[in-house]
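**Q** Could you have a look at this structure, given as structure tokens, before my questions?
Every read-out reported here was derived from the displayed coordinates using simple, explicitly stated rules and does not represent laboratory data. None of the values given here were measured: they were computed from a predicted structure. Quick reminder, even Gly has a Cβ in these numbers, built from the backbone with ideal geometry, and neighbours come from all protein chains shown.
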Amino acid sequence: MDLRFKKGSLLNPRNRPISDNPILVEVEKVKEKPEERLGCKARIFFKLDESANVYRIYKWEGAHTHKLHKAEHLLYLRSFGHVIEAQGQVVVINSKAGMSIRTSYEVMGKGVGGIENLGFRF
């Protein structure tokens with residue numbers, strides 16, 4: 001049986017390390033994730049209903065001791081992205097007039113006092 005090894009592999013018995021001293025590599029952790037545990041007691045418990053073969057909620061503790069989302073991240077949530085019919089029509093009309101979607105978005109933002117006041121993000 002002919003075993004083939006990658007070039008320089010230490011698994012190959014013909015390759016020998018040059019030095020007997022191991023090389024030590026220090027790794028510096030650059031950025032640590034901040035601790036975000038808040039001791040929230042919100043829980044949901046399920047039990048399997050074997051007769052119907054479905055899970056059912058048997059205990060619900062819904063009171064959170066923290067905000068669920070940061071305000072600056074709300075624009076990225078699927079539930080936040082609501083384009084009302086009038087805004088959609090404005091985009092279609094502007095598109096037919098040769099205006100880009102980005103420009104339409106900025107114009108609509110000026111109409112409501114800033115793009116942060118729109119109900120969606122482009």
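**Q** For segment 107-117, enumerate the residues that are surrounded by 13 or more Cβ atoms within 10 Å (Cβ to Cβ) and under 16 Å from residue 88 (Cβ atoms). Walk me through how you get there before you give the answer.
**A** Looking only at segment 107-117, we keep the residues that are surrounded by 13 or more Cβ atoms within 10 Å (Cβ to Cβ), and these are 107-109, 115.
Across segment 107-117, the qualifying residues are 107, 108, 109.
**Q** Residues 102, 56: which one is charged (D, E, K, R) and in a strand (DSSP E or B)?
**A** 56
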